[in-house]
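Structure record follows, encoded as structure tokens.
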Amino acid sequence: MNTSNKIKVIVTFFLTILSFCAYSQSNVFKVTLDAGHGDHDFGAVYSGRIEKNIALAIVLKVGKILELNPNVDVIYTRKTDVFIDLVERANIANRANSNIFVSIHCNANKNTAADGTETYVMGLSKVASNLEAAKKENSVITLEKDYKRKYEGFDPNSPESMIGMTLMQEEYLDNSISLASKVEDNFERLGKKIRQGGVKQAPFMVLHKAYMPRVLIETGFVSNPTEGNILNSEEGQDDIAKAIAEAILSYKREYFGSGNSEAIEAKPVRDTSTPKKAKVVEAAAAAKNAPKGTFYKVQLIASIKKTTLEPKNFKGLKNVSMLFENNIYKYFYEETSDYEAAKKYLQEAKNKGYGAAFLTATKDGEKISIQDATK
């Protein structure tokens, strides 16, 4: 083999290695796990059951399960009993370019009979119990140095003050709800009680600052003697960790790598046996024929399940439409060009029990933010 051919072989070899490394790196699914509280911030404490210790134990168990899977990279906000600022917890996930952020906590209530799980996504809920949960977790910032300057404009005793801050809730809400739903479904299969509403929205500071799909899991009540002892036990923590880890892996299988979004309406959704090329043609046609102007809709839920568009399936609401996007079925209520009317439709949806419902906007068939739509 002459020198020229040797050089070609070496170059080809290194290009192959680089290509393989780039491919492997691009297919790494990054998960940031956040154990709530830490060090002098004990969280909820009842009869020797300490939230910071339980949350850390569960996080480490979840991480251990995830790390057994190829192409899953686990990042921890803490692996020991240390105190991490709320904004720093989110920034750890941001710097790592994580695909999801999962914050794990325990609940507590003066009523020691209260029990069950709740999984939260970021949102500006007006539900009193949701705001109270956010208020409790956000109060941690008062333990941070110079918190008034760091969180200027935010009052931990009034979660509604976050309304005045920049939000990125819309961009990641669908995927956050999907992940949260998987967590709650696994808890239900585990036999744990799912508190009314299941997946909920609340303005948690730690979620607000994480720029990716993110959830906060309340794994149960340490204030409840029975549930608290389960949370504090090795077996109970193992079961909870398995449920959370499987939800994360299910989310990874379902969505990671799906990449491009097809912003098309599917009313009704086409049969899944339709060839992919035909779907692309229909998508282009749907986008081209979209009505001109700005329109608002109320997104009720996002689900991996297809549901027939009948009022009985949507708590009596009529005029429900559906969009299939990023392997998720999104269900919408009403459509109007009047922002004030849209807000009334949103309130109707919430009154029917869709606490996580929110407004979406499109302009000439393209999705835009509510802020842009109302300008």
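Structure notes:
- Within segment 357-374, being at pLDDT below 75 and either buried (at least 19 other Cβ atoms within 10 Å of the Cβ) or over 23 Å from the mean Cα position of the chain (by Cα) (or both) holds for A357, D372, T374.
- Close pairs (8 angstrom Cβ cut-off, 6 or more residues apart or separate chains): free of Cβ contacts under 8 Å to residues at least 60 places away in the same chain in segment 233-253, open to solvent by 10 Å² or more (accessible area, probe 1.4 Å) and part of a helix (DSSP H, G or I) anywhere: G236/N229; G236/I230; D239/L190
- Single unsatisfied condition, E246 versus (1) assigned to a helix (DSSP H, G or I); (2) open to solvent by less than 40 Å² (accessible area, probe 1.4 Å): (2)
- Residue list for segment 296-325, filter: assigned to a strand (DSSP E or B), in contact with a Lys or Arg (Cβ under 8 Å, 6 or more places away or on another chain) and modelled with pLDDT of 80 or more: Q299, S321, M322, L323, F324
The values are calculated or read from the model by the stated rules, or taken from the named source; none is laboratory data. Only a predicted model underlies this, so the values are computations on that prediction, with no experimental measurement involved. Glycine gets a Cβ as well: all are built from the backbone with ideal geometry, and neighbour counts include every protein chain shown. Accessible surface is based on the protein model in full, side chains and every heavy atom, while ligands, DNA and RNA are left aside. Shrake-Rupley method; radii C 1.70, N 1.55, O 1.52, S 1.80 Å.
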